[in-house]
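Peer 1: Below is a structure I'd like to ask you about.
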Amino acid sequence: MDELINFKRANFFPGLQVGPNYWNRIEDYHFEKEKLYNRLFHGFGIVPNFMDSLHVQAEKTKGGLITFIIGRGLCFDGHGNPLFLNEPQVLVFDAKKYTYPTTVYIVIKYNEVMQDYFQNNENIDLQGYQYKLESAKVEIVQEITEPEITIELARIALDDSEGTGIANIKNCDDFCDPGVNALDFRYVPWATKTKKGVSIYLEKLLIELFEYTCRVSNSCYELIPVHSFRNMHTVAMTAKMIVQTSGVYFDDIIHLLTPLFDIDHEVLFELAEFERKSEDKTYKLTTKEAYEQACASMYELGDLIKKYDNKYEEIDKILKKHRAVIDGLKNTIIEKEVNSTDIHFISYNLPRVLLFEDEKYTLVDSIDMASMESVESHRLAFVDAQHPSTSKEAFYYPDGVLVYDTVKRWIGGCMKFHIKNIVKGRKTLIVRRTDIYQGNYSVEVILQDKNKYKINIDGQDSKNRWRNLYLKINEGDITEYSPEVVFNIGEKGRDNSGSIWIYQVL
């Protein structure tokens, strides 16, 4: 483990006698601080995208000699020494030196060269080198004996199985499998190059946007099984994970957002294809204004990414356009949120996903009183009820919409049924359409023969007779996979029920 040097910075005062040793200690102080910084913040290896990045190429001279040209660049060794190569270096490969098969390494080591000697002919005690040139030495070795101070630039697996000698060294054509007698860069270490950072506010915004994309895409997939929603969820979740764990530089943000444009385009296209091929003609997705807005935002997002010029303002525009796409998808597929009052007056078919009181419910079951199959599969029956009947009705909701439904009516006793396709323990919402011509009464609801709830039918309306009444079942109350639900009206009361919808929290 590295030990921290006890750094002492020079302090000048009147009368201080300063000689060469004192000045050299000042220089050593700064150099040791630099090496510590290099070790902590850059690590070990070659600095990427600086000059030639010390890249090695194999060539042959006109005389037939195999040479390696090491490009200019900078790297750091394990002690934090900066290894500068200001000019390309050439190494000559002597194939006769080696016994085959073997592996050789092209390496670089830190080197200090004393320069600019000052000579004092009158007093030899007052002369010496004026500078230390920070340089590097490249060489070919058969073994790396000092891994802390030796940086590998390339290696070559040499083989002369045919015994004709090695006449050529190939440059790397296949990084993953370079083969024998070819430059191999797979084990070259790379240092970290510092780039423009990301503010904590932008980072938070990115995480929130990726989370929002995950939530919406996951909910949309549960409603409409378009596979690209899964892809969207994966892309957003991966981007969020990268930001939260390894972090990103500002220059990297665009590389997280570009795949989102691709997946936005894929989702909107596949959604249109799904609607076109679907046998369920109730889908009217692409005709919605929200879908058209999502498409427009997606194309604008593409234009912004094409013109991106690495500015904060452009990133802000890109993020807003992607959010507009997600908002459009959400508004296209997931209906708007309703509260406990609004739900009574929904005259359209209840949606597959219901955003109710800050929670997201999905439709898991429904009972159609006009369908014998639906009634029988839910084991719907009347107990101690007088004059149970079934009638087709057409009544208005308060918004003036005329809705047709089949209604079960009974006097006294109860109607019971079993609900299906549920997950035990989750919050559940039972919604039923009810005629409130004779209102102002309450219904006792018994769940699994033990939990008791109450639904109040408040008010009477002889003109706009439909209302949606609901019952919210608490988390943990449902302990069976197909629990029985009983609507109990008492001995003399009257009750009725149209269609019933069962929702559970996603």
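Peer 1: Please name which of Trp501, Phe417, Gln386 has its Cα lying farthest along the dipole of the chain towards the positive end, using unit charges on Cβ (Lys, Arg +1; Asp, Glu -1) and the Cα centre as origin.
Peer 2: Gln386
Peer 1: For a quick protection proxy, order the peptides 67-79, 115-127, 441-453 by their average other-Cβ count within 10 Å, most packed first.
Peer 2: Descending mean neighbour count gives 67-79, 441-453, 115-127.
Peer 1: Would you calculate a helix-derived [θ] at 222 nm for the chain, using -39,500 (n - 2.57) for each DSSP H run of n ≥ 4 and dividing by the full residue count, to the nearest 500?
Peer 2: One gets -9500 deg cm²/dmol as the mean residue ellipticity at 222 nm.
Peer 1: Sticking with this structure for a sec: At R0 = 41 Å, how high is the FRET efficiency between Asp159 and Val113 if r is their beta carbon distance? Nearest 0.05 is fine.
Peer 2: That gives a FRET efficiency of 0.65.
Peer 1: Specify the angular offset, from 0 to 90 degrees and rounded to the nearest 10, of the alpha carbon long axis of helix 227-245 from the longest principal axis of the alpha carbons in the chain.
Peer 2: The answer is roughly 50 degrees.
Peer 1: Beyond 22 Å between alpha-carbons counts as too far, so tell me which of Lys408/Lys463; Lys416/Lys463; Lys360/Lys424; Lys240/Lys424 fall in that bin.
Peer 2: Pairs exceeding 22 Å: Lys416/Lys463; Lys240/Lys424.
Peer 1: If each residue's Cβ is checked for other Cβ atoms within 10 Å, how do Cys414, Cys176 rank with the fewest at the top?
Peer 2: Going from least to most buried by this count: Cys176, Cys414.
Peer 1: Assign unit charges at the C-beta atoms only (+1 for Lys and Arg, -1 for Asp and Glu), then state the dipole size of the chain relative to its Cα centre in Debye, rounded to the nearest 20.
Peer 2: Computed charge dipole of the chain: roughly 1660 debye.
Peer 1: If we count other beta carbons within 10 Å of each Cβ, what is the order of Tyr22, Tyr299, fewest first?
Peer 2: Tyr22, Tyr299
Peer 1: From the residues Trp23, Asn38, Phe12, which one has its Cα farthest along the dipole of the stretch 1-41 in the positive direction, the dipole being from +1 and -1 charges on Cβ of Lys/Arg and Asp/Glu about the Cα centre?
Peer 2: Ranked along the dipole, the leading option is Phe12.
Peer 1: Right, another one. What number, in percent, do you get for the relative contact order of the chain if the mean sequence gap of Cα pairs under 8 Å and at least 6 apart is divided by its residue count?
Peer 2: Across the chain, relative contact order equals 9 percent.
Peer 1: I've got another one for you. Using only the Cα atoms, what convex hull volume per residue in Å³ does the chain have?
Peer 2: Here the figure is 306 Å³ per residue.
Peer 1: Pulled fully out, how much extra length does the chain show between Phe13 and Asp94, if you take 0.36 nm times their separation in residues and subtract their Cα-Cα distance?
Peer 2: Roughly 23.3 nm would be gained on extension.
Peer 1: Would you please put 85-91, 254-260, 140-146 in order of how densely packed they are, using the mean number of other Cβ atoms within 10 angstrom per residue and starting with the highest?
Peer 2: By packing density, highest mean first, the sequence is 254-260, 85-91, 140-146.
Peer 1: Also, quick follow-up: Cut-off is 10 Å between beta-carbons; in what order do Asp173, Asp477 appear when sorted fewest neighbours first?
Peer 2: The most exposed by this proxy come first: Asp173, Asp477.
Peer 1: Which of rounded, prolate or oblate describes the stretch 142-215 when judged by the alpha-carbon gyration tensor and an a/c cut-off of 1.5?
Peer 2: Judged from the Cα gyration tensor, the stretch 142-215 comes out prolate (a/c at least 1.5, a/b above b/c).
Peer 1: Under a straight-distance cross-link criterion of Cα-Cα below 16 Å, which aspartates and glutamates are reachable from Lys60, leaving out those fewer than 8 residues away in the same chain?
Peer 2: Correct list for Lys60: Asp94.
Each reported figure results from applying straightforward, stated rules to the coordinates on display, with no laboratory input. Keep in mind that what you see is a predicted model, and the values were worked out from it rather than measured. In this analysis, Cβ positions are derived from the backbone assuming ideal geometry, glycine residues included, and neighbour counts consider all displayed protein chains.
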